[in-house]
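One structure is given here, and the rest of the page talks about it.
The values are calculated or read from the model by the stated rules, or taken from the named source; none is laboratory data. Because the structure is a prediction, the values reported are computed rather than measured. Cβ placement follows ideal geometry from the backbone for every residue including glycine, while neighbour counts extend to all protein chains displayed. Side chains are part of the model used for accessible areas, which takes the heavy atoms of the whole protein and leaves out ligands, DNA and RNA. Shrake-Rupley method; radii C 1.70, N 1.55, O 1.52, S 1.80 Å.
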Amino acid sequence: MVRERIEQAGGDPAVVTVVAVTKGFGRDAVEEAAAAGVTDFGENLVDQLAAKRDDTHRWHFLGRVQRRDVRRAAGVCMWQSVDRIAAGEEIATRWPGAAVLVQVNVSGEPAKLGCPPDETAALVHALQPLDLDVRGLMTVGAHGGPDAARPGFAALARLADDLELPVRSMGMSDDLEVAVQEGSTMVRIGRALFGPRPEPPVARR
């Protein structure tokens, strides 16, 4: 289904990596997706990453990088949300040679994480001398649907081109088509693969 959507949007499913976001889902969802051919998985929380990670699949860390959590995130193949030099320094110290993406807030929405577009080049250039493999940029589309997200995706692709970075992680379940059309090489998909996220259990009093 997701690969069909990528192809219908004009992308090549063999080129656009699908990262299955398993936040809120159990280990069984990982195995079902893997059986369907998914190889890359993403988690926002270190505790859930530790509970689900194995050496069979590629795991991406998608949440805000907290220095105290970096040492616990063993086996991450890519850190997708580096938005400040301190986070990059901690990853380089704990996991030398790690692949990272710089998260950019292309929409300017205060609730979204990421460095401002006009500070991205400086952050990339500060990270590159560290023992890190800076692969590309990541962003979350603006609120308001696919049409609202398109300008930000286009801006991220231009920025990645200017910095000569090959990876553009942009596009989720609702806006993956416009992301692919604007040059995404990696989409982060949860609901379109697994359905609605389960409600967390209500704590008993």
Val38 fails exactly one of the following numbered conditions: (1) in a loop (DSSP other than H, G, I, E, B); (2) free of Cβ contacts under 8 Å to residues at least 40 places away in the same chain; (3) touching a strand residue (DSSP E or B) at 6+ places or on another chain (Cβ under 6 Å). What is the number of that condition?
-> (2)
Within the set of pairs 6 or more residues apart or between chains, which connect a residue that is farther than 17 Å from Arg58 by Cα and open to solvent by 30 Å² or more (accessible area, probe 1.4 Å) inside region 83-101 to a residue that is outside any strand (DSSP E or B) and of a type in the set (Gly, Ala, Ser) with Cβ atoms less than 8 Å apart?
-> Ile85/Ala126
Checked pairs for region 180-198, first under 13 Å from Thr17 (Cβ atoms), second among the charged types (D, E, K, R) and crowded, with 23+ Cβ neighbours inside 10 Å, C-beta under 6 Å and 6 or more apart or across chains, list as Ser184/Arg168; Thr185/Arg168
Which of the residues spanning region 49-59 are in a helix (DSSP H, G or I) and either open to solvent by less than 30 Å² (accessible area, probe 1.4 Å) or in contact with a helix residue (DSSP H, G or I) (Cβ under 8 Å, 6 or more places away or on another chain) (or both)?
-> Leu49, Ala51, Lys52
For Asp69, are the conditions met, namely being acidic (Asp, Glu) and either part of a loop (DSSP other than H, G, I, E, B) or crowded, with 20+ Cβ neighbours inside 10 Å (or both)?
-> no
Identify the residue in region 150-169 that is without any contact (Cβ under 8 Å) to a residue 40 or more places away in the chain and in contact with a Gly (Cβ under 7 Å, 6 or more places away or on another chain) and, among all such residues, is nearest to Leu62 (Cα to Cα).
-> Arg168
Filter region 1-15 down to the residues that are part of a helix (DSSP H, G or I) and in contact (Cβ under 8 Å) with a residue 24 or more places away in the chain, then identify the one that is most open to solvent (accessible area, probe 1.4 Å).
-> Gln8
Out of the residues in region 60-114 that are among the basic types (Lys, Arg) and in contact with a helix residue (DSSP H, G or I) (Cβ under 7 Å, 6 or more places away or on another chain), state the one that is modelled with the highest pLDDT.
-> Arg94
Is region 140-149 home to any residue that is modelled with pLDDT of 95 or more, in contact with a helix residue (DSSP H, G or I) (Cβ under 8 Å, 6 or more places away or on another chain) and open to solvent by 10 Å² or more (accessible area, probe 1.4 Å)?
-> no
Take the residues of region 177-200 that are surrounded by fewer than 16 Cβ atoms within 10 Å (Cβ to Cβ) and among the charged types (D, E, K, R): which is farthest from the chain's Cα centre (by Cα)?
-> Glu199
